[in-house]
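Asker: Got a structure here, written out as structure tokens. Questions coming.
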Amino acid sequence: MTTLAYALSDSRVMLRRNLKHQLRYPSMTVMLIGMPIVLLLLFVYVFGGQLGAGLGAHLGRHAYLDYVVPGVLLITVASVVQGTSIMVAMDMTGGIIDRFRTMAIARASVLIGHVLGSLVQALAAMGVLIGVAFGLGFRSSAGVLEWLAAIGALALFGLALIWLAVALGLAAKSVETASNTPMVLLLLLFLSSGFVSTATMPTGLRQFAEYQPFTPVADTLRGLLSGAAIGDHAIAAIAWSIGIAAVAYFWAICLYNTRRAVEQR
Amino acid sequence: MTSMPAATGIVARDVCKSFGDHLVLDKVSLAVEEGTVLALLGPNGAGKTTMVRILSTLVLADSGSMRIAGHDVVTDPDGARAAIGVTGQFSAVDNLLTGAENLQLMADLRHLDRQAGRRRVSELLEQFDLTDAAHKLLSTYSGGMRRRLDLAMTLVDQPRVIFLDEPTTGLDPRSRRTMWQVIRELAGSGVTILLTTQYLDEADHLADQVAVLDHGRVVAEGTPAELKRRIPGGHVRLHFAGPDLLRSAARLIPAAGPDQDRLVLQVPFDGTAGSVRELLDELHRAHIDVERLTVHTPDLDDVFFAVTGGHVSAQHDQGPTPQGAGR
């Protein structure tokens, strides 16, 4: 086998390990997938009536459901990457990572296993969420092409946040820290066009909201799923995704190569 | 300077390592010939674990040269990694997998083909008495079982060189015996082993060679027997029926130390049968009856205290502590 073949084989083994972890730690998997569903219900049935009315005259809960689904899909991504960060930190603070490091395996395979595992989890979680949304009455004008584009955009942005979460998990001194830092992403999401139009925000906040990554991604998804105008949001969404992924990837690899699992004696 | 054996086993020369301004290893040289066991003996904080982490490619040394099974640890770490197995002080197992899955993970990462991998996994489960627990999650494993699994994972690809960092620390006496048995079997099969321990009897039982490490320096090395010969700690203890007999004996043998409470006289002793006969003859001529006699030959304990200056250093150079403290 060649080096590349070994690297692929090692990454596949690590992916399988990661997927097994998700099954063996069901409470976390259920929490990460369940939280966005609970929030979807909250947004639609608690806030939805009033927020829907804000979208236009004679509009209500149902219009808001259609509006908020992209935002909740992004909650799903933010939720899953919290799990990524926790799992990476658990690996790094345990003894197993030292074992991996003393074996002649592709060094990045440990991280790639986490990344691909989280991506599978994110796509599954979003599938479940869309199913629930349809059950609640979500209707989309999107055709096959638009759906594929939406899934692609979510996967690309998801990949970026997953690498970021891997880096945060590597940088964290403890599992607790690793579980808390990705919360910032959720906050950032609330300060975007995910749940309300940025036009309703006060000036300073609106400017912030318009120039942060979640807004173009949410607007792109909304455009694809409901036929609203996308404009240059798509370009911004792709640029942000690739930018975050690249920076986070190099940060993560750098941390992985320098950080030691257990404090030196 | 240790001699350099052929391109096998473990050879380390003048290894230095500091963390910040704390010098952890100070020109440590070791040589473990192929198929032999070296015990790195020392108190906590002596630098044992750091040495193992450097040799097993986890930490880079500041200076010095290291070769494992002919591979330079710095320039060819993957070559070294392919030859070694490491069982660290902290259990390096995957807690969210079963025992069998842990072993299979190692087989996959060592690129054994499917059939060979499965065969090796069931072999190891059998060998380490884990077959019944094979499909249970590790959360149900006892400390001894985890340690056995840990070592089994190290052996999946039958490494030629094995590092064991305090393999029996925290184990109950029975698990400890089992672990010793396994290590002896490995040594018997021609594997090169470097183990660290703070237990003197462990080094005595398992090692062909012992290197005593204290404050980052090798302060003594040799076979367990050679080390014991280097110190004169042997003595004979004579037990008497009453205090009068003890006093008379003590007058007769001025070099001895009497213990009035236990009615025991401790006489220095060079380990030869003749000297015991002479001693008993002398007492017999003086009509002093000896009730009982015990012989104490020096063990590694004595060696350890002798070469480390009679104290066991604590974690961070807190200076001398009372004898035996911290063990």
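The values are calculated or read from the model by the stated rules, or taken from the named source; none is laboratory data. What you see is a predicted model; the values in this text were computed from it and never measured. Here the Cβ is made from the backbone with ideal geometry for all residues, glycine too, and neighbour counts use every protein chain on show.
Asker: Considering only residues that are out of contact with any helix residue (DSSP H, G or I) (no Cβ under 6 Å at 6 or more places or on another chain) and among the acidic types (Asp, Glu), which ones fall in segment A:89-107?
Answerer: Passing the criteria: only A:Asp98.
Asker: Next question, about the same structure. Hey, can you tell me all the residues within segment B:46-57 that are within 9 Å of chain A (Cβ to nearest Cβ) and modelled with pLDDT under 90?
Answerer: none
Asker: Within segment B:81-104, track down each residue that is assigned to a helix (DSSP H, G or I) and within 8 Å of another protein chain (Cβ to nearest Cβ). Quick ask: steps written out before the conclusion?
Answerer: Here is the first cut: in segment B:81-104, the ones assigned to a helix (DSSP H, G or I) are B:81-83, B:99-104.
Scanning segment B:81-104 gives B:Arg81, B:Ala82, B:Glu101.
Asker: Give the residue, chosen from B:Asp26, B:Asp72, that is away from chain A (no Cβ under 14 Å), in contact with a helix residue (DSSP H, G or I) (Cβ under 8 Å, 6 or more places away or on another chain) and not hydrophobic (A, V, I, L, M, F, W, C). Talk me through it step by step, then tell me what you get.
Answerer: Working: B:Asp26 fails: in contact with a helix residue (DSSP H, G or I) (Cβ under 8 Å, 6 or more places away or on another chain).
One residue alone meets the criteria, B:Asp72.
Asker: Condition check: in the same structural domain as B:Ser18 (by TED's automatic domain parsing) and outside any loop (DSSP other than H, G, I, E, B). Does B:Gly45 satisfy that? I'd like the intermediate steps shown before the answer.
Answerer: Details: in the same structural domain as B:Ser18 (by TED's automatic domain parsing): yes; outside any loop (DSSP other than H, G, I, E, B): no.
No, not satisfied.
Asker: Quick one: count up the residues across segment B:202-212 that are in contact with a Leu (Cβ under 7 Å, 6 or more places away or on another chain) and modelled with pLDDT under 90.
Answerer: Total meeting the criteria: 2.
Asker: Pull out all pairs, ordered by first then second residue, where Cβ-Cβ is under 8 Å, the residues are six or more apart or on different chains, the first lies in segment B:95-119 and is at negative phi and outside the structural domain of B:Ala83 (by TED's automatic domain parsing), and the second is surrounded by fewer than 21 Cβ atoms within 10 Å (Cβ to Cβ) and not in a loop (DSSP other than H, G, I, E, B).
Answerer: none
Asker: Moving to a separate point now. Would you confirm whether any residue within segment B:224-238 is assigned by TED's automatic domain parsing to the domain that holds B:Thr36, of a type outside the set (Lys, Arg) and under 21 Å from B:Gly9 (Cα atoms)?
Answerer: Yes, there is a match, as at least one residue in segment B:224-238 is assigned by TED's automatic domain parsing to the domain that holds B:Thr36, of a type outside the set (Lys, Arg) and under 21 Å from B:Gly9 (Cα atoms).
Asker: Kindly check whether there is at least one residue in segment A:104-114 that is on the phi < 0 side of the Ramachandran plot, within 14 Å of chain B (Cβ to nearest Cβ), in contact with a Lys or Arg (Cβ under 7 Å, 6 or more places away or on another chain) and of a type in the set (Val, Ile, Thr).
Answerer: no
Asker: Here is a check on your reading of the model: is B:Ser139 in contact (Cβ under 8 Å) with a residue 40 or more places away in the chain and either within 22 Å of B:Ile193 (Cα to Cα) or of a type outside the set (Asp, Glu) (or both)?
Answerer: Yes; evaluated as a whole, the condition is true for this residue.
Asker: Can you tell me which residue is farthest from B:Lys228 (Cα to Cα) among those in segment B:243-258 that are under 40 Å from the mean Cα position of the chain (by Cα) and surrounded by fewer than 14 Cβ atoms within 10 Å (Cβ to Cβ)?
Answerer: Restricting to residues being under 40 Å from the mean Cα position of the chain (by Cα) and surrounded by fewer than 14 Cβ atoms within 10 Å (Cβ to Cβ), the top hit is B:Pro254.
Asker: Scan segment B:108-123 residue by residue and report those that are under 29 Å from the mean Cα position of the chain (by Cα) and part of a helix (DSSP H, G or I).
Answerer: Step one: filter segment B:108-123 for residues under 29 Å from the mean Cα position of the chain (by Cα), giving B:110, B:120-121, B:123.
Within segment B:108-123, B:Arg120, B:Val121, B:Glu123 meet the criteria.
Asker: Now for a separate question. So B:Ala107 clears everything in (1) crowded, with 20+ Cβ neighbours inside 10 Å; (2) under 30 Å from B:Lys17 (Cβ atoms); (3) within 12 Å of chain A (Cβ to nearest Cβ) except one condition, right? Which one?
Answerer: Unmet for B:Ala107, out of (1) crowded, with 20+ Cβ neighbours inside 10 Å; (2) under 30 Å from B:Lys17 (Cβ atoms); (3) within 12 Å of chain A (Cβ to nearest Cβ): (2).
Asker: Quick check on A:Gly194: is it under 21 Å from the mean Cα position of the chain (by Cα), in contact (Cβ under 8 Å) with a residue 24 or more places away in the chain and either crowded, with 19+ Cβ neighbours inside 10 Å or more than 19 Å from A:Val110 (Cα to Cα) (or both)?
Answerer: Against the criterion (under 21 Å from the mean Cα position of the chain (by Cα), in contact (Cβ under 8 Å) with a residue 24 or more places away in the chain and either crowded, with 19+ Cβ neighbours inside 10 Å or more than 19 Å from A:Val110 (Cα to Cα) (or both)), A:Gly194 qualifies.
Asker: Continuing with the same structure: Regarding segment B:124-146, can at least one residue be identified that is within 14 Å of another protein chain (Cβ to nearest Cβ), within 30 Å of B:His71 (Cα to Cα) and under 29 Å from the mean Cα position of the chain (by Cα)?
Answerer: Looking through segment B:124-146, none of the residues is within 14 Å of another protein chain (Cβ to nearest Cβ), within 30 Å of B:His71 (Cα to Cα) and under 29 Å from the mean Cα position of the chain (by Cα).
Asker: Is there a residue in segment A:133-146 that is within 17 Å of the chain's Cα centre (by Cα) and surrounded by 20 or more Cβ atoms within 10 Å (Cβ to Cβ)?
Answerer: Within segment A:133-146 (the criterion being within 17 Å of the chain's Cα centre (by Cα) and surrounded by 20 or more Cβ atoms within 10 Å (Cβ to Cβ)), the answer is no, since none of the residues qualifies.
Asker: Step by step: first the residues of segment A:1-23, then only those that are within 9 Å of chain B (Cβ to nearest Cβ) and modelled with pLDDT under 90, then the one that is surrounded by the fewest Cβ atoms within 10 Å (Cβ to Cβ). Which residue is that?
Answerer: My answer is A:Met1.
Asker: What is the one condition in (1) at the interface with another protein chain (Cβ under 8 Å from one of its Cβ atoms); (2) touching a residue at least 12 places away in the same chain (Cβ under 8 Å); (3) surrounded by fewer than 19 Cβ atoms within 10 Å (Cβ to Cβ) that B:Asp78 does not satisfy?
Answerer: The single condition B:Asp78 does not satisfy is (2).
Asker: Separate question: Being outside any loop (DSSP other than H, G, I, E, B), within 17 Å of the chain's Cα centre (by Cα) and crowded, with 16+ Cβ neighbours inside 10 Å narrows it down to one residue among A:Gly223, A:Gly169; which is it?
Answerer: Unique residue meeting the criteria: A:Gly169.
Asker: Somewhere in segment B:29-40, is a residue among the small types (Gly, Ala, Ser), more than 21 Å from the chain's Cα centre (by Cα) and under 24 Å from B:Leu206 (Cα atoms)?
Answerer: Among the residues of segment B:29-40, not one is among the small types (Gly, Ala, Ser), more than 21 Å from the chain's Cα centre (by Cα) and under 24 Å from B:Leu206 (Cα atoms), which makes the answer no.
Residue-wise test of (1) among the small types (Gly, Ala, Ser); (2) surrounded by fewer than 19 Cβ atoms within 10 Å (Cβ to Cβ); (3) not in a helix (DSSP H, G or I).
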{"residue": "A:Gln50", "(1), (2), (3)": "no, yes, no"}
{"residue": "A:His58", "(1), (2), (3)": "no, yes, yes"}
{"residue": "A:Ala63", "(1), (2), (3)": "yes, yes, no"}
{"residue": "A:Asp66", "(1), (2), (3)": "no, no, no"}
{"residue": "A:Ile75", "(1), (2), (3)": "no, no, no"}
{"residue": "A:Asp98", "(1), (2), (3)": "no, no, no"}
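Asker: Further question on the same structure: Given the criteria more than 30 Å from B:Gly79 (Cβ to Cβ), hydroxyl-bearing (Ser, Thr, Tyr) and in contact (Cβ under 8 Å) with a residue 24 or more places away in the chain, does A:Tyr67 qualify?
Answerer: Yes.
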